Amino acid sequence: MSQKLNIVLFGPPGAGKGTQSTFLIGRYGLVHLSTGDLLRAEINAETELGLRAQGIMSRGELVSDDIVIGMIRNKIDANGDTKGFIFDGFPRTKAQAEALDALLNPSGNPITMMLALEVPEEELVKRLLGRGATSGRADDKDESVIRTRIREYEQKTAPLKDYYSAQKKFKGIDGMGSVEEITDRLVAAI
Ligand code: ADP
């Protein structure tokens, strides 16, 4: 059997990962795994995990590695027959990236590539405040929370570019332009 297509869709908050994932899962028949969506589902269901995550997320900080790695492990195990995964918002720390490799590599279907959407900070803040006006996401409504999320990204998540570059899997994608233009760039990279 041919290798699965396992993509890490990477980029700061507001870079357009969710929007682009929707198209890519349809085109390539992939399963979309967004840790942000999974965490918000836990909060809505008022689970113990959701209650633990809620305050952390409302401040714009990262939830603990153990929680998100556990959620991702369950979803990978539950989707053994997929053509591949799009990881959206995961991994966000080096510990998460190492855990993901440990989960995927033994199956013979490692991460294929990291596609990193690149967008300047002022554009991110503008997009997130715009989304906050309509989405109902509390963490999109407050500019200081948005800036905290961007700082968390720069400090803990952006270094993962080096992690994937060292494996020759990193591809930077210009995230400015229309949704269709960015989709075309992603497809060309895949
Ligand atoms: P965005 O990338 O636009 O900030 P997400 O939905 O990906 O939105 O994430 C929302 C929040 O959920 C993050 O600010 C963080 O608190 C939490 N979160 C999501 N994924 C992770 C992760 N992999 N590790 C730690 N925290 C996470």
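The string of couplings for the stretch 115-130 from the Karplus curve (6.51, -1.76, 1.60, θ = phi - 60°) is 9, 10, 7, 10, 9, x, 4, 5, 5, 4, 4, 4, 5, 5, 5, x Hz, one whole number per residue in order, with x for Gly and Pro. Derived scalar couplings between HN and Hα for the stretch 53-58 equal 7, 4, x, 4, 5, 5 Hz in order, rounded to whole Hz, by the Karplus curve 6.51 cos²θ - 1.76 cosθ + 1.60 (θ = phi - 60°), x for Gly and Pro. Springs between Cα atoms under 10 Å define the GNM used for the chain, and in it the highest mean-square fluctuation of Ile56, Ile72, Ile150 occurs at Ile56.
Other residues whose C-beta falls under 12 angstrom from the C-beta of Arg151 contribute a net charge of 0, scoring Lys and Arg +1 and Asp and Glu -1. Taking 0.36 nm per residue of separation and subtracting the current Cα-Cα distance, fully stretching the chain between Glu46 and Ser165 would add 39.0 nm. Over the chain, the hull volume per residue, using the convex hull of the C-alpha atoms, is 118 Å³. Rg and Dmax over the alpha-carbon atoms of the stretch 94-144 stand at 16.8, 44 Å. Of Ile76, Ile86, the order by accessible heavy-atom surface (1.4 Å probe, DNA, RNA and ligands excluded), from most exposed downward, is Ile76, Ile86. Rolling a 1.4 Å probe over the heavy atoms of the protein chains gives the chain an accessible area of 49 Å² per residue.
Determine the share of the stretch 38-87's accessible area contributed by carbon and sulfur atoms, expressed in whole percent, with a 1.4 angstrom probe. C and S atoms contribute 46 percent here. Near Leu9, once Lys and Arg are set to +1 and Asp and Glu to -1 for all other residues with Cβ below 9 Å from its Cβ, the sum equals 0.
By the gyration tensor of its Cα atoms, with a ≥ b ≥ c the square roots of the eigenvalues, what is the shape of the stretch 48-129: rounded for a/c under 1.5, prolate for a/b over b/c, or oblate? Oblate shape, in that a/c is at least 1.5 and b/c is the bigger or equal ratio. My understanding is that a pair violates if its Cα-Cα distance is over 18 Å; which of Lys94/Lys161; Lys17/Lys161; Lys17/Lys126; Lys75/Lys171; Lys141/Lys161 do that in this structure? Result: Lys75/Lys171; Lys141/Lys161 exceed 18 Å.
The values are calculated or read from the model by the stated rules, or taken from the named source; none is laboratory data. In this text, all values refer to a predicted model and were calculated from it rather than measured experimentally. For neighbour counting, all protein chains shown are included, and Cβ atoms are generated from backbone atoms with ideal geometry for every residue, glycine included. All accessible areas refer to the heavy atoms of the entire protein, side chains included, with ligands and DNA or RNA removed. Shrake-Rupley method; radii C 1.70, N 1.55, O 1.52, S 1.80 Å.
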